[in-house]
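Data first, discussion second: the structure below is written as structure tokens.
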Amino acid sequence: SDAICNFVICNDSSLRSQPIIFNPDFFVEKLRHEKPEVFTELVVSNITRLIDLPGAELAQLMGEEDPKLPGANSTASGFFRSLMSLKRKEKGVVFGSPLTEEGIAQVSQLIEYLHKNLRAEGLFRVPGNSIRQQILKDALNSGTDIDLDSGEFHSNDVATLLKMFLGELPEPLLTHKHFHAHLKIADLTLFDEKGNKTSTPDKERQIEALQLLFLILPAPNRSLLKLLLDLLYQTAKKQDKNKMSAHNLALMFAPHILWPRNVTANDLQENITKLNNGVTFMIKHSQKLFKAPVYIRECARLHYLGSRAHTSKDDLDLLTSSGSKELQPLKSQKRSRLDSCHQEETQQRTEEALKELFRHVHNMPDSAKKKKLIRQFNKHPTALTPGSDVPTSPAPRRTRSRSFSGLIKRKVLGTPVILERKSRDTTPEPARVSKENVQLLQKCGSPAHMSPAKLKSLEGRKEESCRRMRARLLSKDSSSL
């Protein structure tokens, strides 16, 4: 019950060449787009469960306050900020502009080319040719089609231009609002048996916190971040050829995707190691960071199924034991409904098949086979004739009449034969006894313990005595006359 959709069908021909970052967490994405405030509150409540964010930093993460970044009040940073603003005066469609889907579509050409050229030694570290880079930059800004496989450009040119694009964004790819949260995630470490913090990073909590933090990134930032981290992950896998490990790549990209804009290395002197280690961790675990945690997916699903959504992992764990018991009656009711529907469908299909067979037999040419089939239909009209109602209960069994041979057997063998046959059949109705035989029955025993044959013999004796009495009376009358 976790991935509902695994692919996207794009009917717009102009968008087919663009990379589509599709999150298989359907209900998560639905909640993000339709109810962003509910979604943000759900995610942030779980982020604060993992990391400690004071009131000001939490307000910055929620966008309620402007982020307070290191070195923002120094005169050096003010001069540096004005210098950077002068450099960004001439903004193109792609470089120096806020991140858009159009810009991602252009830059994705660079990423796709680098995926095929990861063996170049010193990739992302060795600078390319400045003239070729400017030609390529102008072509991307103007939207001109570029054939990077023609051999005109070197992989170092493309790699340097990709870093330039990220560095000229108005704010880092991971945004200013998330800066303090990333510093806190880098401080997540394991605890020893006594409850004291150790220096060993808590990788599971760090992965979970990054998953949550990436969920509330703007959609263009999240799409490009996934493309970039996938590229860096594949680059680090070929470090035996390109000599670029995950840590070396983090040193190249941390200033472009995580450092706040308009700050110097001196402003971040205390946190540079944390930031570099954080980017290294993202590269190594990039294949796990763009999946929503299980409890977020479950909360989003419950939100749209009309059930009460639970806002944390702990709430979800508490429901697993009690919720399963409550679901059992619902499951049994649903199963019974499905069984009844299945029986109705089966009966309907059977009736349709019988109708088709009946029509087929009647359309056959006259022959002995046709007559035989029709006789079979006539023998079982309720079972084979189409449109007939199915009997709800079996017909009562017809009792056999007593034959003359049976009477002889009973006279010769006696009651044991009768008792043996009666035991194999169903229980017969108790024989009716007249009032005149009550006293006679009491002498012979209780009718409950008397066999039907014995009861009948008693009736026969009574009739015989009555016949004899009538014969005596008639003989007396005739003699008197």
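The values are calculated or read from the model by the stated rules, or taken from the named source; none is laboratory data. What you see is a predicted model; the values in this text were computed from it and never measured. So basically every Cβ, Gly included, is an ideal-geometry build from the backbone, and we count neighbours across all protein chains shown. Keep in mind that these areas ignore ligands, DNA and RNA; they rest on the heavy atoms of the full protein, side chains included. Shrake-Rupley method; radii C 1.70, N 1.55, O 1.52, S 1.80 Å.
Data table
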{"item": "All positions within region 113-134 that are free of Cβ contacts under 8 Å to residues at least 40 places away in the same chain, open to solvent by 60 Å² or more (accessible area, probe 1.4 Å) and either touching a strand residue (DSSP E or B) at 6+ places or on another chain (Cβ under 6 Å) or part of a helix (DSSP H, G or I) (or both)", "result": "Ser130, Ile131, Arg132, Gln134"}
{"item": "Some residue of region 245-253 being open to solvent by less than 50 Å² (accessible area, probe 1.4 Å) and more than 28 Å from Glu101 (Cβ to Cβ)", "result": "yes"}
{"item": "Pair list, Cβ under 7 Å, 6 or more apart: region 232-258 residue over 25 Å from His176 (Cβ atoms) and part of a helix (DSSP H, G or I), other residue of a type in the set (Asp, Glu) and at pLDDT below 95", "result": "Asn242/Glu121"}
{"item": "Thr144 vs. criteria of a type in the set (S, T, N, Q), free of Cβ contacts under 8 Å to residues at least 60 places away in the same chain and out of contact with any Gly (no Cβ under 8 Å at 6 or more places or on another chain)", "result": "yes"}
{"item": "Any hit, region 135-152, residues being under 31 Å from the mean Cα position of the chain (by Cα) and open to solvent by less than 20 Å² (accessible area, probe 1.4 Å)", "result": "no"}
{"item": "Enumerated helices (runs of 4 or more DSSP H) restricted to region 1-99, each holding at least 3 residues that are surrounded by fewer than 17 Cβ atoms within 10 Å (Cβ to Cβ) and at pLDDT 90 or above", "result": "26-34, 36-50"}
{"item": "Residue match in region 275-298 (condition: assigned to a helix (DSSP H, G or I) and more than 22 Å from Leu188 (Cα to Cα))", "result": "yes"}
{"item": "Residues of region 268-297 that turn out to be free of Cβ contacts under 8 Å to residues at least 24 places away in the same chain and crowded, with 20+ Cβ neighbours inside 10 Å, as a count", "result": "0"}
{"item": "Looking only at region 169-207, and only at residues there that are open to solvent by 70 Å² or more (accessible area, probe 1.4 Å), among the basic types (Lys, Arg) and outside any loop (DSSP other than H, G, I, E, B), the one that is farthest from Pro98 (Cα to Cα)", "result": "Lys197"}
